[in-house]
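The values are calculated or read from the model by the stated rules, or taken from the named source; none is laboratory data. All figures in this text were calculated on a predicted structure; none of them were measured in a lab. For neighbour counting, all protein chains shown are included, and Cβ atoms are generated from backbone atoms with ideal geometry for every residue, glycine included.
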C-alpha cells in the first residue's frame, strides 16, 4: 500500500516531465520540429497554457502510477516469498533478488500498460478528453491490441532493470542497517 500512496505524490512531479518527454518524442517522430529542446518546449507550454498545461494527463498518470506501484512492490514481495526456502530468511541472494525484482517489474507494466498508452496519447495530442474517452477511442479504432502496443520491448527492458534496482535496494538496505546497528 505504501507504493500506492507514494505514487500519488510522485505523479505531481512525474507528469510534467513525462509530458515534455512524450511531446518531444512525438515532434521528432513526425519531423515537425527537430531542434526544440525540453527547456524551449516547457517555456512554450507555460506561455500557451500556463501551469495547468504542464499537468495535462495528471489523472491518467495517477491511474497508471498508483495501481502500478501497488503491483510492483506486491509482485516483488510475492516472488520473494515464493523463492525463499525458509520463511524466516531475509536475504534471498543475488539471483533470486534479480528474479523477484524482474517479476515485480513485469507485474507493474502488465497491469498499467493500457493506462500508459492512454496517458501518452493525452499528452501528445494535448487532448482535453477524459481518460475513459481516449481509452474507448483507442479500442474502437485500434482494438484492444492498441492498448498494448509496445508492451513486449517494455517487458524485455524492465526485467533486468527492475531486477538490478531491487538488488541495489536490498544490498543498500542491508549495508545501512548494519552501519546503524553498529553505531547504536
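Residue pairs whose Cβ atoms lie under 9 Å apart, sitting 6 or more positions apart in sequence or on different chains, and linking a residue in the range 25-50 that is modelled with pLDDT of 80 or more to a partner that is part of a helix (DSSP H, G or I) and surrounded by fewer than 13 Cβ atoms within 10 Å (Cβ to Cβ), are 38/17.
Conditions (1) at pLDDT 95 or above; (2) within 19 Å of the chain's Cα centre (by Cα); (3) at positive phi, marked per residue:
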{"position": "98", "(1), (2), (3)": "yes, yes, no"}
{"position": "102", "(1), (2), (3)": "yes, yes, no"}
{"position": "105", "(1), (2), (3)": "yes, yes, no"}
{"position": "111", "(1), (2), (3)": "no, yes, no"}
{"position": "120", "(1), (2), (3)": "no, yes, no"}
{"position": "123", "(1), (2), (3)": "no, yes, no"}
{"position": "127", "(1), (2), (3)": "no, no, no"}
{"position": "130", "(1), (2), (3)": "no, no, no"}
{"position": "135", "(1), (2), (3)": "no, yes, no"}
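For the range 63-104, enumerate the residues that are without any contact (Cβ under 8 Å) to a residue 60 or more places away in the chain and surrounded by 21 or more Cβ atoms within 10 Å (Cβ to Cβ). The answer is 64, 65, 71, 75, 79, 80, 103. For the range 146-153, state whether one or more residues are free of Cβ contacts under 8 Å to residues at least 60 places away in the same chain, within 30 Å of residue 19 (Cβ to Cβ), surrounded by 19 or more Cβ atoms within 10 Å (Cβ to Cβ) and in contact with a helix residue (DSSP H, G or I) (Cβ under 6 Å, 6 or more places away or on another chain). No, the range 146-153 contains no residue that is free of Cβ contacts under 8 Å to residues at least 60 places away in the same chain, within 30 Å of residue 19 (Cβ to Cβ), surrounded by 19 or more Cβ atoms within 10 Å (Cβ to Cβ) and in contact with a helix residue (DSSP H, G or I) (Cβ under 6 Å, 6 or more places away or on another chain).
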